[in-house]
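The values are calculated or read from the model by the stated rules, or taken from the named source; none is laboratory data. Small disclaimer: the values here were computed from a predicted structure and weren't measured. Cβ coordinates were reconstructed from backbone atoms using ideal geometry, including for glycine residues, and neighbour counts include every protein chain displayed.
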C-alpha cells in the first residue's frame with residue numbers, strides 16, 4: 001500500500017486486509033506524510049510482525065512505490081504480490097478470490113469494467129474520464145484488459161521477475177497501463193474479476209492533470225511499440 005496522508009484510513013484497513021488470510025503480510029510505503037501516516041503504521045508494526053513499513057523522505061509518487069514494493073516481495077521470497085489503495089476504494093474481501101486465481105494466472109485484476117460499470121460515488125465527469133481512458137488505452141495498445149487503469153491487482157512474483165522493472169517510470173494511470181501491457185507482451189495469463197469500486201471514505205484523491213496527460217502520451221508510445229517491436 002503506497003500512502004500519502006492516509007492517517008484516517010490506514011489503521012482501519014490494515015487489520016481488515018490481514019484478516020483475509022493468515023498468509024498475508026502488509027507493506028506500507030509512506031512518502032513522509034505530513035499527517036503522520038508513517039507513525040501510525042510504525043506503532044502498529046511494533047505489535048504485529050506481519051505489518052512492514054518503508055518510509056521515504058519525500059513524495060516520490062505511486063509508480064516508484066509500487067516498484068519498490070515489487071522488489072521487496074521478490075527479495076523476501078513471497079509467492080504473490082498485491083497492490084491496493086489504503087482508502088477502502090478496493091474491497092479487501094476480494095483478496096481470497098484473487099489468491100485462488102493466482103494458481104492459474106500471472107495477473108489478477110480487480111476490475112471496475114469487466115461486468116458493466118461498478119463504481120459508487122464518483123461524479124459523472126470522472127467516471128467518463130476513467131471509462132474512456134481505458135477504452136482508448138485498450139484500442140491503441142491492443143492489450144485485452146477492460147480496466148487498464150485499475151489499481152487493485154495481484155501478481156505472481158515469478159511473473160514480476162520476468163519484467164524489467166527499471167522500465168516502469170510512470171505514475172497513476174500510466175503505471176497501471178504500462179505494467180499490464182508488459183505482462184501481456186511477455187505472454188502472461190491475465191484475469192479480470194468484477195469488483196465494486198467505492199470512492200474513498202476519507203482523505204483526498206491524488207489524481208492530477210499531469211498524470212492524465214502522461215498516461216495519454218504513454219499509450220501512444222506503447223501502441224507504436226506494439227507495431228514496430230516484437231518484444
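Is it the case, given these coordinates, that residue 147 is under 14 Å from residue 179 (Cα atoms) and touching a strand residue (DSSP E or B) at 6+ places or on another chain (Cβ under 6 Å)? Walk me through how you get there before you give the answer.
Values: under 14 Å from residue 179 (Cα atoms): yes; touching a strand residue (DSSP E or B) at 6+ places or on another chain (Cβ under 6 Å): yes.
Against the criterion (under 14 Å from residue 179 (Cα atoms) and touching a strand residue (DSSP E or B) at 6+ places or on another chain (Cβ under 6 Å)), residue 147 qualifies.
Which one of the conditions (1) under 18 Å from the mean Cα position of the chain (by Cα); (2) at pLDDT 95 or above does residue 63 fail to meet, given that it meets all the rest?
Every condition holds for residue 63 apart from (2).
Just the residues that are part of a helix (DSSP H, G or I) and either within 20 Å of the chain's Cα centre (by Cα) or surrounded by 15 or more Cβ atoms within 10 Å (Cβ to Cβ) (or both), please, taken from region 31-60.
So in region 31-60, the residues part of a helix (DSSP H, G or I) come out as 37-47.
Those that are part of a helix (DSSP H, G or I) and either within 20 Å of the chain's Cα centre (by Cα) or surrounded by 15 or more Cβ atoms within 10 Å (Cβ to Cβ) (or both): 37, 38, 40, 41, 42, 44, 45.
In region 136-164, which residues are more than 23 Å from residue 103 (Cα to Cα) and assigned to a helix (DSSP H, G or I)?
136, 137, 138, 139, 140, 141
Please enumerate the residues belonging to region 102-130 that are part of a helix (DSSP H, G or I) and over 17 Å from the mean Cα position of the chain (by Cα). Reasoning before the result, please.
In the first step, residues of region 102-130 are kept if they are part of a helix (DSSP H, G or I); the result is 124-130.
Across region 102-130, the qualifying residues are 124, 125, 126, 127, 128, 129.
Working carefully through the options 39, 30, find the one that is touching a helix residue (DSSP H, G or I) at 6+ places or on another chain (Cβ under 7 Å), at pLDDT 95 or above and farther than 27 Å from residue 190 by Cβ.
Details: 39 fails: touching a helix residue (DSSP H, G or I) at 6+ places or on another chain (Cβ under 7 Å).
Testing whether each residue is touching a helix residue (DSSP H, G or I) at 6+ places or on another chain (Cβ under 7 Å), at pLDDT 95 or above and farther than 27 Å from residue 190 by Cβ leaves just 30.
State yes or no: is residue 86 under 20 Å from residue 197 (Cα atoms), in contact with a helix residue (DSSP H, G or I) (Cβ under 9 Å, 6 or more places away or on another chain) and surrounded by 15 or more Cβ atoms within 10 Å (Cβ to Cβ)?
yes
I need a count of the residues in region 75-94 that are in a helix (DSSP H, G or I) and within 15 Å of residue 107 (Cβ to Cβ).
Within region 75-94, the first condition is being in a helix (DSSP H, G or I), and the residues that meet it are 75, 92-94.
Remaining after also requiring within 15 Å of residue 107 (Cβ to Cβ): 94.
Adding up the residues that qualify gives 1.
Which of the residues belonging to region 135-155 are over 23 Å from residue 95 (Cα atoms) and touching a residue at least 12 places away in the same chain (Cβ under 8 Å)?
The first filter runs over region 135-155 and keeps only residues over 23 Å from residue 95 (Cα atoms), leaving 135-143.
136, 137, 140, 141, 142, 143, listed by residue number.
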